[in-house]
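Novice: One structure, as structure tokens, below. Some questions next.
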């Protein structure tokens, strides 16, 4: 898993996980560029932890169209 928990924040460099978190209503605080990586920074919460675990264990269901739109939005913020 590509993640870090830091002082009430949760960082992941996994675009698919970040997209899932956005679709599930988690608040994206910022995107941090570090060398050749982008970290997606979210508020850390019990709900975020539950969604991330569901994602990593393949149990998280999302609407395909909403996921696609959120994914394209995040990509547009990375590749500016």
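The values are calculated or read from the model by the stated rules, or taken from the named source; none is laboratory data. The structure displayed is predicted, hence computed values, not measured ones. Glycine also receives a Cβ, built like all others from the backbone with ideal geometry; neighbour counts cover every protein chain displayed.
Novice: Would you please name the residue that is surrounded by the fewest Cβ atoms within 10 Å (Cβ to Cβ), looking only at residues in the stretch 22-52 that are in contact with a helix residue (DSSP H, G or I) (Cβ under 7 Å, 6 or more places away or on another chain) and more than 18 Å from residue 8 (Cβ to Cβ)?
Specialist: Among them, the one singled out is 38.
Novice: Same structure, new question: Residues to consider are 24, 37, 75, 11; find the one that is in contact (Cβ under 8 Å) with a residue 24 or more places away in the chain and touching a strand residue (DSSP E or B) at 6+ places or on another chain (Cβ under 6 Å).
Specialist: After ruling out the rest, the residue left standing is 11.
Novice: Is it true that some residue in the stretch 53-71 is loosely packed, with under 10 Cβ neighbours inside 10 Å and either in contact with a strand residue (DSSP E or B) (Cβ under 6 Å, 6 or more places away or on another chain) or modelled with pLDDT under 95 (or both)?
Specialist: no
Novice: If you don't mind, there's one more thing I want to ask. Return the residues of the stretch 22-42 that are over 19 Å from residue 76 (Cβ atoms), modelled with pLDDT of 95 or more and not in a loop (DSSP other than H, G, I, E, B); say none if nothing qualifies. First the steps, then the outcome.
Specialist: First, pick out the residues of the stretch 22-42 that are over 19 Å from residue 76 (Cβ atoms): 24-25, 34-35.
Going one step further and asking which of them are modelled with pLDDT of 95 or more, we end up with 24-25.
Within the stretch 22-42, no residue meets the criteria.
Novice: I'm trying to understand the selection: among the residues of the stretch 40-72, which are under 14 Å from residue 17 (Cβ atoms) and in contact (Cβ under 8 Å) with a residue 40 or more places away in the chain?
Specialist: 52, 56, 60, 62, 67, 70, 71
Novice: Hey, another quick one. Out of (1) surrounded by 12 or more Cβ atoms within 10 Å (Cβ to Cβ); (2) part of a strand (DSSP E or B); (3) out of contact with any strand residue (DSSP E or B) (no Cβ under 7 Å at 6 or more places or on another chain), the odd one out for residue 19 is which?
Specialist: (2)
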